[in-house]
Structure formats: structure tokens, C-alpha cells
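Asker: Before we start, here is the structure in question, set down as C-alpha cells.
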Amino acid sequence: MKTLALSILFSGLGSGIAASAQNDSSLGSAQVLEAPYPYYFPVLQDEHDSNSGLFPMPQCNSFTLAEATIDQLQDAMSSGKLTATQILHCYLQRIYQTDYYVNAIMELNPDMFEIAATLDAERASGKVRGPLHGIPFVVKDNIGTKDKMETTAGSWALLGSVIPRDAHVVAKLREAGALLLGHATLSEWADMRSNYYSEGYSARGGQARSPYNLTVNPGGSSSGSALAVTSNQCMFALGTETDGSVINPAERNSLVGFKPTVGLTSRGGVIPESLHQDSVGTFARTVRDAVYALDAIYGVDPHDNYTFAQQGRTPEGGYVQFLTDKSALKGAVFGLPWKSFWSLAEPEMQESLLELVDLIEGAGATVINGTELPSYEKIVSPDGWDWDFGTTRGYPNESEYTVVKVDFYNNINAYLAELNNTDVRTIEDLVQYNIDNAGSEGGFPYVHPAFSSGQDGFLASLDTNGTMDETYFQALSFCQKATREDGIDAALNHNGTQLAGLLVPVDLGQTYQVAAQAGYPVVTLPAGTHSADGMPFGLGIMQTAWAEATLVRYASAIEDLQFTSNTTHKRSLPNWYEYRTRNIPVVM
């Protein structure tokens, strides 16, 4: 479907660019007949050189679109150098150039050119809706868009179903003038269907791959959202997180990832996992761009009761007003939870991140080591991310997974009940569909290479029958208390001093796992790459509920410090290692 869409779009694209060229008196007729870009194929490098030049991004009407920011695009459109339609053309050229390799885009929006033309007409008439006017973005395929595109969570089971309305976050972005380019690939059902799988794979979308190294885990489950942004196929993207699915793909693709407090961004119209932990977050290459997107999507939604909790807790005028520079670090006090997290980090990454921490201290901040989460021994697995760590310790009534698998049963059934044009109504229907289509959907263990455990996640949820029994409520209470007042909040209140944030190595999955159970916000900043596989990692900042303003302030300050110093601990460009490899499963 995507290949056909690309063929249709690009069959007329050359003539559109030629027509634009003919309107430019500075171009001669001979130039009009030349190909607008020199190549689409990867440019082979000397074996001793970096692969970063394999897919150089062409200029967009003499504008450097690669790594451009939202402000730069707005300046270009305001000055008449670019239009939203031209920007869209150039991003589609980039998708055509790179997406057969990374597979970030599941489906393109067939209405995108009409939308772009409308936005250009508004600008020409003097109406600019805001900083996102005409800016292309993508959404994860579990975020509903009521248009000509499918919303399927990557599964064939929901193909042809019709959703009742746009997801609230999508409706708000349309209102802000952002240009929906398409749906991004993801880990099928946002990683809920299986516990042993190929991250970034879905039956409908195929295997998403990181342009940093196409053989390994690209980060999930919002894989395609992150890949589209980091490979410059769009300006920003939305993803969803239940436990790490924004922070993990962001940090593994050298991006800024912002996972808000549960309830700041509506889950209305989003295919759910757990109402207690689901959150819609943003991906961008800079903090400012991630915050522009956040400002557009947060707010109260009658279709998500959790959003009413934000009333009186959000700033008038949005979060962009809290962006700052490195001078804000002077006098700031951060915590370093060493035993809780840092001691478990891989040594090379630990050393690299601590160099960045030293740089932060050099800018005038104080970093206190040993600001531990009092409950860390009960909530932080020493053996890696484990959302059933309570059961691993022998206490299912202290396990996140006890809660999530019950929530999923109830939340997915409620979501499916609202769909039209489908006979898939329950999780039982989904399980049966995967059995009936085992060759494509891997309904049994070891049938499909991407789903080695089959659909054990679905089956575990099915076994609960959605029953919220005593064990469920004990687990919910334990997880929230242990990660909130006995966890992050206690660590942030260090001997009576309220810290600006907890600095954490977010490549260590236990970090965002704790924040996920708490429902608390996290932001990650690009901070370096692993020497062994070329994959990036990030430095995270944790805060308490509704503290997004504080995170914006200090994330932007650290980012400014990164880019005004000589440090290498900042965003890097993809190296496209193993760009022809097509292993499934990817190396986890």
C-alpha cells in the first residue's frame, strides 16, 4: 500500500517541481529539464569513512531542510522562500530516498496536498495559526485520524474499521495548522500482544529500522515516529507511552523525547493499553520543537476523564515560555540516584554521561550524588527492564504487569466497542484473528520470526477477564506509592531541598519504567552513542506530576549548553550502519 502511494505521489511530483521552476525567471529552460535532485541511491563510502554521507538530503528550493527547526521553516515561509506545499514535496522526496531502508512511514495521507494548499492560502491572506502552521508531522498508527487513513496499531485485524472521531491530540494539531503527513510504523499493538518479539515490527507495517544501525532494536514501541524525525522525513511526531515507548525510541535515535504527566495529553481516540499509564508524547530534534508540539496537544478532553486533573496545574500561555539557555543552570540543583539507576548502567555509557554531568556542573549547577529512591530495591530490577518485577520477586500484588494486563482487557474492549465497520469487538476476537492468520500475525509461538512468543501478552490479558480483584488493587496501590511518594517524590525532596530534577541514564529501561508506573513526566536529551553498535543514548530528567514547566526550563538549558560547548555529548547524525541488512528479528 505504501509503495503504491509513493508511486502515485511521485509520478506527478517532477512535473510539479518543473512547473515551480518555470515560474522562477532565474532558471533557464535547460535547467528545468534537468532532474531536480542528483540521485536517490545511497552513495558508497570508502570503507574507512563514516557512513553518515550515505543519504545526504537535497536542498529544498535552495533551503537546507535537513536538521532545520520549526522556527527556520516559519521564517522561510514568512519570507516567501518556501510554501507548505514545497516543504511537503521535499519531505516526500526524502521519504522516497530513505524509507525503503528505515521503514518509518506506514501510510501517507492522501489529502496532504489539499491541506497544504489550504494552509498556504491562509498564510497568503494574512492568517497564520501559530508556530505549527504548515509544519509536516506524523503520528503513531495507534493514534486515530478520521480521514482516508487506517488506524490499526499495525495489525491487519483492524483494517477497514472506521473510528468515531479524530484523536483529541490530532484534532488540536489540525486546529494549530500542523500538516498531517501520515501514520508511522510501530511495534504491533504497542508491544502489548507479545513479550518476546522483534521491536519495531508489525504485520501491517513490517520492520522499522534505526538509521543509526539497521540490525538492532530501533526503540519501541513508537519506533516509526522516532525514525521519521531523526532521518528528516518530517519535522516532529507523536508517539504513545505506557512504559518507555516515547523515551526509549527517542533516546535510541538521538532525539528529544517528551513524555508528559498522565492526563496532560488526552488518550481520547488512541488505541489503549492502560488508562493508568498511557500518555501521548512528542518527538523532535530540539527541545523547542518538542515543546511547540506539546503546547499544541495538551488540554482537557471530555473523552478522557484523566485530563480534568490538569485544571489549575498548567500554565497560561503554554510551556514554550519556559524555554531558556544555559544561564538557567547557574544555581540549579539536580540529583543523581546512583544506587537506584546509575550503578546498573553500562560502563561506557556511564562514563560518557558523567562527562556531560560534569559539563552541567561547570555551568554553575550543583549535582548531588546518592539522591536515591527509597523504594528502589523493590521497584528497580537489577536484571534490566521487567514490567513483571513484582512477580519475579514472588509478589504479583506488587507488579506493574498485574495492573496493565487487566487494564488492557477492559480498555481495549471499550475502544473496540466504539468502532464502526468491523466485527472485531473484543480481545477474544483479536486472539482468534491472530490464530486464524498465524502466518502473518504470529498467533502461535515460533510461527512468525517477529513474534517468537506468539501472542502471550494478549493471552495473559485474556486470562484476567478484566477482573479488578484484590490483587489488582493491591498492585496498583503498591506501584503508585512505591514510585511516587516512596520513589521519585522522595528523591526530589533531598533533605528539604526540592531538586530541579533527577538526572538518569534513560538507556537503562528501569528509569522510564519507574516514571511510567508513577504517571510522571520525563524528558530525554541526546547525549552520545555506543561505540559497539553506533546506537545513541540519552540523558533523562525526571520530575514529579505536572512539573513539565521545570523540565522544559532545564532541558532547554542543558541543550543550549551542549550546542554552545565543544562537547560531543549531543545529537549526532545517523551513520546508516548495515543499511542493506534485513534481519528479523532485530538484535534486542
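Asker: Please list, by residue number, every one of the trypsin sites (Lys or Arg not before Pro) in the stretch 485-588 that is coil in DSSP and has at most 14 other beta-carbon atoms within 10 Å.
Answerer: Details: sites: ARG553, LYS570, ARG571, ARG580, ARG582; in loops: LYS570, ARG571, ARG580, ARG582.
Those that pass, being in a loop and sparsely packed, are ARG580, ARG582.
Asker: Per residue, how many Å² of accessible area does the stretch 388-476 show with a 1.4 Å probe? List each step's numbers first, then the result.
Answerer: On the way: 3910 Å² over 89 residues.
Solvent-accessible surface per residue comes out at 44 Å².
Asker: Suppose we keep just the DSSP beta bridges with both residues in the chain; what percent of those would be antiparallel, to 5?
Answerer: In the chain, DSSP labels about 70 percent of beta bridges as antiparallel.
Asker: Moving to a separate point now. Ranked from highest to lowest mean number of other Cβ atoms within 10 Å per residue, what is the order of the peptides 290-296, 558-564, 520-526?
Answerer: The most tightly packed comes first, giving 520-526, 290-296, 558-564.
Asker: May I pose another question? Going through the stretch 233-322, which GluC sites (Glu not before Pro) have at most 11 other Cβ atoms within 10 Å and a DSSP loop state?
Answerer: GLU316
Asker: Something else: What are the semi-axes of the equivalent ellipsoid for the stretch 200-308, taken as the square roots of 5 times the Cα gyration tensor eigenvalues, largest first, in whole Å?
Answerer: The three semi-axes for the stretch 200-308 are 24, 16, 10 Å.
Asker: Over the chain, calculate the relative contact order: mean separation of alpha carbon pairs under 8 Å at least 6 apart, over the residue count, as a percent.
Answerer: So the answer I get is 17 percent.
Asker: Using the Cα centre of the stretch 423-503 as the reference point, and only Cβ charges (+1 on K/R, -1 on D/E), how large is the resulting charge dipole? Debye, rounded to the nearest 20.
Answerer: Here the size comes out at about 360 debye.
Asker: Rounded to the nearest whole Å³, what is the per residue volume of the convex hull around the Cα atoms of the stretch 388-476?
Answerer: Here the figure is 97 Å³ per residue.
Asker: Could you sort the peptides 530-543, 390-403 by per-residue average Cβ neighbour count (10 Å cutoff), highest mean leading?
Answerer: Packing order, densest peptide first, comes out as 530-543, 390-403.
Asker: Tell me the net charge near ARG571. Cut-off is 14 Å between Cβ atoms, ARG571 excluded, with +1 for each Lys or Arg and -1 for each Asp or Glu.
Answerer: Overall, the nearby charge balance is -1.
Asker: A further question follows. On average over all directions, what projected area in square nanometres does the stretch 286-412 have, based on the convex hull of its Cα atoms?
Answerer: That works out to 11.4 nm².
Asker: Turning to a different aspect of this structure: Give the relative contact order (percent, whole number) for the stretch 388-476; include only Cα pairs under 8 Å separated by 6+ residues.
Answerer: With pairs under 8 Å counted, the relative contact order is 35 percent.
Asker: If you check each cysteine of the chain for another cysteine whose beta-carbon is under 4.7 Å away, which ones come up empty?
Answerer: When partners are defined as cysteine Cβ atoms under 4.7 Å apart, the chain leaves CYS234, CYS479 without one.
Asker: Next question. Ranked highest first by the average count of other Cβ atoms within 10 Å around their residues, in what order do 365-372, 219-226, 261-268 fall?
Answerer: The peptides rank, most packed first, as 219-226, 261-268, 365-372.
Asker: Listed here are the pairs LYS127/LYS570; LYS127/LYS172; LYS140/LYS378; LYS172/LYS326; LYS146/LYS259; LYS140/LYS172; which of them are more than 26 Å apart at the Cα?
Answerer: LYS127/LYS570; LYS140/LYS378; LYS172/LYS326
Asker: Leaving out ligands and nucleic acids, and using a 1.4 Å probe, what accessible area per residue does the stretch 480-542 come to in Å²? Walk me through the numbers on the way to the answer.
Answerer: Numbers: 1480 Å² over 63 residues.
It amounts to 23 Å² per residue over the stretch 480-542.
Asker: A follow-up question, please. Could you tell me the relative contact order of the stretch 146-289? Use alpha-carbon pairs under 8 Å, at least six residues apart, and round to a whole percent.
Answerer: After rounding, I find 21 percent.
Asker: Leaving out ligands, DNA and RNA, what percent of the accessible area of the stretch 388-476 is carbon and sulfur, probe 1.4 Å?
Answerer: Carbon and sulfur together cover 52 percent of it.
Asker: For CYS479, tell me the accessible area in Å² from a 1.4 Å probe, rounded to the nearest 10.
Answerer: About 10 Å², ignoring ligands and nucleic acids.
The values are calculated or read from the model by the stated rules, or taken from the named source; none is laboratory data. Quick caveat: nothing in here was measured; it's all calculated off a predicted structure. Cβ sites come from the backbone with ideal geometry, for glycine too, and all protein chains shown count toward neighbours. Heads up: the accessible areas ignore ligands, DNA and RNA and are worked out on the full protein's heavy atoms, side chains in. Shrake-Rupley method; radii C 1.70, N 1.55, O 1.52, S 1.80 Å.
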